[in-house]
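Worksheet: one structure, shown below.
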Amino acid sequence: MASAPQDWVASAATITPGFETSGDPFLGISGDFDGMGISCGALQWCVGQGSLQPLVIAVGKPVVLAAMPTLGSAMWQACSGTIRDGLAIVRSWQNGSTLKASAKSELRALMGTAEMRAQQQSRIDALAATAFRWASDWATQRDGTQATKRLFCWFFDMAAQNGNLEGLTPQGVKDFISMNRPDHVDDLICDFLADTGGTSGHIRDAHKNADLWRNPSGNERLEILCMSYLRSKTANPRWRHVVLNRKGTIAFGKGWVNSSLYDFSRQGL
């Protein structure tokens, strides 16, 4: 099977990490705000899910010790033992959920090494292969066409953040659009966002997106916005609007996520 064009992969590897980090995505470091201990790199691999440990083991102990002269031994121990022990170690480097400056600096140094960049890229490429296969299968089943960059980027984010489609199919999306009329279905989605109650930043994002996403131009934007809405229904109800904010922003090419406005027109979306 053909591979995704490299500029598609580069865009996806900019968009998906960009929701969580700023600057060079390969150097992105987050503390324990989500209970995962630390999250590092372009796709925020973390100790709590056991996804960071394989990257650290793969680069080897000498690389870790050289990049992290103070915390390298502890980092290696955190990534070579149990998740429980690893969490305890990396949480000791934080004030609450905020990493101490010295720990963040050493972690950034590790994630920026040539060896770790190569490990990150290999996992991005593997994820891109999965996303391209999913997007191609979707386009074929839908109408016998080829995947587009927008569809690929949506599936890349899905593969990175949500795992799978939870039974969503092209026919199910077609039926949903037909049932709610193509000229009205965007209002159904935006009304849901506008009616979401609460005062958090995610809620404010939802309300702003409700104003932004009405009357999307182009059938593809509408289709992927509907895909985003239907897939969000299978998420934890507490976070449904968060999933929709993120996926809808890729669908529309513009939107509010994590209290920031993203515009992906430069990425061709």
Let me spell it out: the conditions are (1) free of Cβ contacts under 8 Å to residues at least 24 places away in the same chain; (2) not in a helix (DSSP H, G or I), and Leu43 meets all of them except one. Which number is the exception? (1)
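Looking only at helices (runs of 4 or more DSSP H) that fall completely inside region 83-163, which ones have 2 or more residues that are more than 22 Å from Gln6 (Cα to Cα)?
Values: elements: 83-91, 101-111, 114-143, 149-161.
The helices (runs of 4 or more DSSP H) meeting that bar are 83-91, 101-111, 114-143.
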Filter region 217-269 for residues that are within 23 Å of Gly201 (Cβ to Cβ), of a type in the set (Ser, Thr, Tyr), surrounded by fewer than 23 Cβ atoms within 10 Å (Cβ to Cβ) and touching a residue at least 24 places away in the same chain (Cβ under 8 Å) and give the result. Ser259, Tyr262
Checklist (1) assigned to a helix (DSSP H, G or I); (2) closer than 30 Å to Gly255 by Cβ applied to Gly37, failing item: (1)
Return a yes/no flag: does region 139-150 have any residue that is modelled with pLDDT of 95 or more and surrounded by 21 or more Cβ atoms within 10 Å (Cβ to Cβ). yes
Against the definition (buried (at least 18 other Cβ atoms within 10 Å of the Cβ), out of contact with any Phe, Trp or Tyr (no Cβ under 8 Å at 6 or more places or on another chain), β-branched (Val, Ile, Thr) and at pLDDT 95 or above), how does Val64 come out, yes or no? no
Verdict on Gly172 being in a loop (DSSP other than H, G, I, E, B) and exposed (fewer than 15 other Cβ atoms within 10 Å of the Cβ): no
Cβ pairs under 7 Å, 6+ apart, first in region 177-200 and of a type in the set (Ser, Thr, Tyr), second in a helix (DSSP H, G or I): Thr196/Ile203; Thr196/Ala206; Thr196/His241
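The values are calculated or read from the model by the stated rules, or taken from the named source; none is laboratory data. Keep in mind the model is a prediction, meaning the values are calculated, not measured. As a convention, Cβ positions derive from the backbone with ideal geometry for all residues, glycine included, and neighbour counts pool all protein chains shown.
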